[in-house]
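**Student:** One structure follows; several queries about it will come next.
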Amino acid sequence: MKNEPIRGLVIQKFLAAKQADVTLKFEMTEPIELATANLLTIIRIIGILLDNAIEQAVRETDKLVSCAFLQSEGLIEITIENTASQVKDIQAFSELGYSTKGAGRGTGLANVQDLIAKQTNLFLETQIENRKLRQTLMITEET
(Lines give C-alpha, C1' and ligand atoms only; values in the text may rest on other atoms or scores of the structure.)
Protein backbone atom coordinates (compact mmCIF):
# COMPACT_ATOMS: atom_id res chain seq x y z
CA MET A 1 0.00 0.00 0.00
CA LYS A 2 1.59 3.23 -1.13
CA ASN A 3 -0.61 5.55 0.96
CA GLU A 4 1.00 5.94 4.38
CA PRO A 5 -2.30 6.78 6.19
CA ILE A 6 -4.03 3.67 4.82
CA ARG A 7 -1.01 1.50 5.58
CA GLY A 8 -1.08 2.86 9.14
CA LEU A 9 -4.80 2.10 9.43
CA VAL A 10 -4.27 -1.46 8.20
CA ILE A 11 -1.49 -2.00 10.75
CA GLN A 12 -3.64 -0.53 13.53
CA LYS A 13 -6.59 -2.81 12.67
CA PHE A 14 -4.28 -5.82 12.35
CA LEU A 15 -3.03 -5.19 15.90
CA ALA A 16 -6.58 -4.61 17.20
CA ALA A 17 -7.70 -7.89 15.63
CA LYS A 18 -4.76 -9.75 17.12
CA GLN A 19 -5.56 -8.34 20.56
CA ALA A 20 -9.18 -9.53 20.14
CA ASP A 21 -7.95 -13.00 19.10
CA VAL A 22 -9.21 -12.51 15.54
CA THR A 23 -7.21 -13.44 12.45
CA LEU A 24 -7.13 -10.57 9.97
CA LYS A 25 -5.94 -11.63 6.51
CA PHE A 26 -4.95 -9.11 3.85
CA GLU A 27 -4.63 -9.69 0.14
CA MET A 28 -3.16 -7.31 -2.41
CA THR A 29 -2.12 -8.32 -5.91
CA GLU A 30 -0.07 -5.20 -6.59
CA PRO A 31 0.89 -1.99 -4.82
CA ILE A 32 -2.08 0.37 -4.74
CA GLU A 33 -2.03 4.11 -4.39
CA LEU A 34 -5.20 6.07 -3.81
CA ALA A 35 -4.70 9.42 -5.45
CA THR A 36 -8.03 10.89 -4.46
CA ALA A 37 -9.09 14.13 -2.89
CA ASN A 38 -11.34 12.25 -0.47
CA LEU A 39 -8.63 10.06 1.10
CA LEU A 40 -9.71 10.88 4.68
CA THR A 41 -13.28 9.82 3.89
CA ILE A 42 -12.01 6.54 2.45
CA ILE A 43 -9.88 5.94 5.55
CA ARG A 44 -12.90 6.56 7.81
CA ILE A 45 -15.02 4.12 5.79
CA ILE A 46 -12.38 1.38 5.77
CA GLY A 47 -11.86 1.88 9.52
CA ILE A 48 -15.57 1.53 10.27
CA LEU A 49 -15.95 -1.55 8.05
CA LEU A 50 -12.92 -3.25 9.59
CA ASP A 51 -14.01 -2.37 13.15
CA ASN A 52 -17.45 -3.87 12.49
CA ALA A 53 -15.98 -7.00 10.93
CA ILE A 54 -13.56 -7.52 13.83
CA GLU A 55 -16.31 -6.96 16.41
CA GLN A 56 -18.51 -9.53 14.67
CA ALA A 57 -15.66 -12.02 14.22
CA VAL A 58 -15.09 -12.04 17.98
CA ARG A 59 -18.60 -13.50 18.33
CA GLU A 60 -18.11 -16.20 15.68
CA THR A 61 -16.37 -19.56 15.91
CA ASP A 62 -13.90 -18.99 13.04
CA LYS A 63 -12.76 -15.53 14.27
CA LEU A 64 -11.60 -14.56 10.78
CA VAL A 65 -11.75 -11.34 8.77
CA SER A 66 -10.48 -11.14 5.20
CA CYS A 67 -9.63 -7.89 3.46
CA ALA A 68 -8.62 -7.60 -0.19
CA PHE A 69 -7.35 -4.55 -2.06
CA LEU A 70 -7.72 -4.98 -5.81
CA GLN A 71 -7.07 -2.53 -8.60
CA SER A 72 -8.20 -2.63 -12.21
CA GLU A 73 -8.54 -0.02 -14.93
CA GLY A 74 -10.04 3.07 -13.29
CA LEU A 75 -11.33 1.16 -10.23
CA ILE A 76 -10.06 0.18 -6.79
CA GLU A 77 -12.07 -2.37 -4.81
CA ILE A 78 -11.62 -2.92 -1.10
CA THR A 79 -13.52 -6.01 0.05
CA ILE A 80 -13.97 -6.96 3.69
CA GLU A 81 -15.53 -10.32 4.53
CA ASN A 82 -16.39 -12.03 7.79
CA THR A 83 -18.75 -14.64 9.14
CA ALA A 84 -21.97 -13.03 10.32
CA SER A 85 -24.35 -15.75 11.45
CA GLN A 86 -26.73 -13.29 13.17
CA VAL A 87 -27.15 -10.93 10.21
CA LYS A 88 -30.38 -11.74 8.41
CA ASP A 89 -31.86 -8.48 7.13
CA ILE A 90 -29.59 -6.81 4.61
CA GLN A 91 -32.15 -3.98 4.08
CA ALA A 92 -32.00 -2.86 7.73
CA PHE A 93 -28.26 -3.38 7.85
CA SER A 94 -27.22 0.24 7.28
CA GLU A 95 -30.11 1.93 9.08
CA LEU A 96 -29.22 4.17 11.99
CA GLY A 97 -29.53 2.17 15.20
CA TYR A 98 -29.49 -1.30 13.61
CA SER A 99 -27.09 -3.60 15.40
CA THR A 100 -26.68 -7.29 16.15
CA LYS A 101 -24.43 -6.32 19.07
CA GLY A 102 -26.93 -4.75 21.46
CA ALA A 103 -28.50 -1.43 22.38
CA GLY A 104 -26.80 1.93 21.97
CA ARG A 105 -24.98 0.87 18.81
CA GLY A 106 -25.63 0.87 15.08
CA THR A 107 -24.22 4.21 13.95
CA GLY A 108 -21.16 3.02 11.99
CA LEU A 109 -22.79 1.73 8.82
CA ALA A 110 -25.27 4.60 8.78
CA ASN A 111 -22.25 6.94 8.91
CA VAL A 112 -20.64 4.99 6.06
CA GLN A 113 -23.78 5.45 3.95
CA ASP A 114 -23.79 9.20 4.70
CA LEU A 115 -20.11 9.51 3.77
CA ILE A 116 -20.60 7.64 0.51
CA ALA A 117 -23.69 9.66 -0.41
CA LYS A 118 -21.58 12.83 -0.33
CA GLN A 119 -19.01 11.47 -2.81
CA THR A 120 -19.42 10.91 -6.55
CA ASN A 121 -16.66 8.30 -6.84
CA LEU A 122 -17.51 5.96 -3.93
CA PHE A 123 -19.91 3.04 -3.96
CA LEU A 124 -20.61 0.29 -1.40
CA GLU A 125 -21.96 -3.13 -2.20
CA THR A 126 -23.13 -5.36 0.65
CA GLN A 127 -23.86 -9.07 0.26
CA ILE A 128 -24.74 -11.88 2.62
CA GLU A 129 -24.13 -15.36 1.29
CA ASN A 130 -23.55 -18.63 3.14
CA ARG A 131 -23.41 -16.82 6.51
CA LYS A 132 -20.64 -14.57 5.16
CA LEU A 133 -20.99 -10.80 5.09
CA ARG A 134 -19.06 -9.19 2.24
CA GLN A 135 -18.79 -5.43 1.86
CA THR A 136 -16.98 -3.97 -1.11
CA LEU A 137 -16.02 -0.32 -1.28
CA MET A 138 -15.55 0.68 -4.91
CA ILE A 139 -13.49 3.78 -5.68
CA THR A 140 -13.61 5.08 -9.23
CA GLU A 141 -11.09 7.47 -10.69
CA GLU A 142 -12.23 11.04 -10.35
CA THR A 143 -12.64 12.88 -13.62
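The values are calculated or read from the model by the stated rules, or taken from the named source; none is laboratory data. Since we're looking at a predicted model, the values are computed, not measured. Note: ideal-geometry Cβ built from the backbone for every residue, glycine included; neighbour counts use all protein chains shown.
**Student:** Can you tell me which condition GLU81 does not meet? The list is (1) on the phi > 0 side of the Ramachandran plot; (2) at pLDDT 95 or above; (3) not β-branched (Val, Ile, Thr), and all the others hold.
**Tutor:** Of (1) on the phi > 0 side of the Ramachandran plot; (2) at pLDDT 95 or above; (3) not β-branched (Val, Ile, Thr), only one is false for GLU81: (1).
**Student:** Here is a follow-up. What's the number of the only condition in (1) of a type in the set (Asp, Glu); (2) surrounded by 14 or more Cβ atoms within 10 Å (Cβ to Cβ); (3) outside any helix (DSSP H, G or I) that GLU55 fails to meet?
**Tutor:** Against the list (1) of a type in the set (Asp, Glu); (2) surrounded by 14 or more Cβ atoms within 10 Å (Cβ to Cβ); (3) outside any helix (DSSP H, G or I), GLU55 comes up short only on (3).
**Student:** I've got another one for you. Hey, among the residues in the stretch 114-143 that are of a type in the set (S, T, N, Q) and at pLDDT below 90, which one's farthest from ARG59 (Cα to Cα)?
**Tutor:** Filtering the stretch 114-143 for residues that are of a type in the set (S, T, N, Q) and at pLDDT below 90, the one farthest from ARG59 (Cα to Cα) comes out as THR143.
**Student:** Another one. Taking the condition of being touching a Phe, Trp or Tyr at 6+ places or on another chain (Cβ under 8 Å) and within 12 Å of LEU9 (Cβ to Cβ), how many residues in the stretch 25-56 meet it?
**Tutor:** The number of residues fulfilling the criteria is 1.
**Student:** Filtering the stretch 19-58 down to residues that are closer than 18 Å to GLU81 by Cβ and more than 17 Å from the chain's Cα centre (by Cα), which residue is modelled with the highest pLDDT?
**Tutor:** Among those residues, the one meeting the criterion is ALA20.
**Student:** Follow-up. So THR29 clears everything in (1) out of contact with any strand residue (DSSP E or B) (no Cβ under 8 Å at 6 or more places or on another chain); (2) loosely packed, with under 14 Cβ neighbours inside 10 Å except one condition, right? Which one?
**Tutor:** (1)
**Student:** Identify, by number, the condition in (1) surrounded by fewer than 18 Cβ atoms within 10 Å (Cβ to Cβ); (2) in a helix (DSSP H, G or I) that ILE6 doesn't meet.
**Tutor:** Going through (1) surrounded by fewer than 18 Cβ atoms within 10 Å (Cβ to Cβ); (2) in a helix (DSSP H, G or I) one by one, ILE6 breaks only (1).
**Student:** If you go through the stretch 18-38, how many residues are assigned to a helix (DSSP H, G or I) and under 10 Å from ILE139 (Cβ atoms)? Talk me through it step by step, then tell me what you get.
**Tutor:** Taking the stretch 18-38 and keeping what is assigned to a helix (DSSP H, G or I), we get 18-19.
Next cut, under 10 Å from ILE139 (Cβ atoms) only: none.
Within the stretch 18-38, residues that are assigned to a helix (DSSP H, G or I) and under 10 Å from ILE139 (Cβ atoms) number 0.
**Student:** Provide a single number: the residues in the stretch 9-26 that are surrounded by fewer than 16 Cβ atoms within 10 Å (Cβ to Cβ) and touching a Lys or Arg at 6+ places or on another chain (Cβ under 9 Å).
**Tutor:** Counting residues in the stretch 9-26 that are surrounded by fewer than 16 Cβ atoms within 10 Å (Cβ to Cβ) and touching a Lys or Arg at 6+ places or on another chain (Cβ under 9 Å) gives 3.
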